[in-house]
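Remarks on the structure that follows.
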């Protein structure tokens, strides 16, 4: 039985992850599992890149991601469904933060999209592939319609 599901969403293009969230919400409802939704903001503080951004840029990016994620979840599964969802905003490399959040939350399942639709191939995207390869729990990969 699944008790905790982590759903990974890319808020830079959330329209591509609508089906990913729908699948995660259906799976969570089937087992009455907790649904956590994560998005990862790039680490703008890296030594080379960080010099080009002011100190508040990261905080603003996190706040913007939080607002987009909340609106997205409400739009896809409704306001009532969103009330029970825990939103996680992480900073760093997407696959590393998804794996870390799954460990911290004790997730039994990660739901993630395979890649962005404009990539018309049969391979998993790099983040999904790394999550599948390194995760200690099950991973449900939602194929994007190309």
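The values are calculated or read from the model by the stated rules, or taken from the named source; none is laboratory data. All of these numbers come straight from a predicted model, not from anything done at the bench. Positions of Cβ are backbone-derived with ideal geometry, glycine not excepted, and every protein chain shown enters the neighbour counts.
Here residue 54 fulfils each of the conditions (1) without any contact (Cβ under 8 Å) to a residue 40 or more places away in the chain; (2) part of a loop (DSSP other than H, G, I, E, B); (3) surrounded by 17 or more Cβ atoms within 10 Å (Cβ to Cβ) apart from (3).
Among the residues of the stretch 80-95, none is identified as within 18 Å of residue 128 (Cα to Cα) and free of Cβ contacts under 8 Å to residues at least 12 places away in the same chain. Highlighted here are the strands (runs of 3 or more DSSP E) found entirely within the stretch 61-146 that include at least 1 residues which are at pLDDT below 95 and in contact with a helix residue (DSSP H, G or I) (Cβ under 6 Å, 6 or more places away or on another chain): 109-113, 138-142. The residues of the stretch 1-43 that are surrounded by 15 or more Cβ atoms within 10 Å (Cβ to Cβ) and either assigned to a loop (DSSP other than H, G, I, E, B) or at pLDDT below 80 (or both), listed by number, are 2, 9, 10, 11, 33.
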